[in-house]
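The values are calculated or read from the model by the stated rules, or taken from the named source; none is laboratory data. Bear in mind that the values here come from a model prediction, so they are computed numbers and not experimental data. Quick reminder, even Gly has a Cβ in these numbers, built from the backbone with ideal geometry, and neighbours come from all protein chains shown. These accessible areas exclude ligands, DNA and RNA; they are computed on the full protein's heavy atoms, side chains included. Shrake-Rupley method; radii C 1.70, N 1.55, O 1.52, S 1.80 Å.
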Amino acid sequence: MAKRRMPKMGGMGGNMNQIMAQAQKMQQQLEKAQAETSEMKAEASAGGGVVTVKVNAQHQIEAITIKQEIIDPDDVEMLQDLVLAAVNEAMRKLDADVEAHMQSVPGLGGLGGMMGF
């Protein structure tokens, strides 16, 4: 009875090792990028700089600065609107900075939105 030979994989094992090494490298780059973005902060102002807000990567407000000259007890709504505008702009800026950073990582460009960043 003739012995059956298994077909050769044509170097498939080498390709698989290369793919696994590349995946591991991408995983390391992703982890590094996530660590970097977790330290990011953003700042925005409204009303020509009379209200300034600083936020961190966890979308927590770290500081709100309100210049005294904008405080008008008869127009609280304007101050509320300025604070709201500054907070929203700081959050938008933070999100844009994180997205841009994630897209700048080699091999990860375009994955930021899919990965929940």
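Values computed for the structure shown
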| item | result |
| --- | --- |
| Backbone HN-Hα couplings from phi across the range 73-88 [Karplus 6.51/-1.76/1.60, Hz, Gly and Pro as x] | x, 8, 9, 5, 4, 5, 4, 4, 5, 5, 5, 4, 5, 5, 4, 4 |
| Which of Glu36, Glu69 is most accessible, then next, and so on - probe 1.4 Å | Glu69, Glu36 |
| Segments 54-64, 90-100 sorted - mean Cβ within 10 Å per residue, highest first | 90-100, 54-64 |
| Per-residue ³J(HN,Hα) for the range 19-27, Karplus 6.51 cos²θ - 1.76 cosθ + 1.60, θ = phi - 60°, Hz, x for Gly and Pro | 5, 5, 5, 5, 5, 5, 5, 5, 4 |
| Relative contact order of the range 38-92, pairs being alpha-carbon contacts under 8 Å that are 6 or more residues apart, as % | 39 percent |
| Additional length obtainable on full extension of the chain from Ile71 to Glu99, 0.36 nm per residue less Cα span | 6.5 nm |
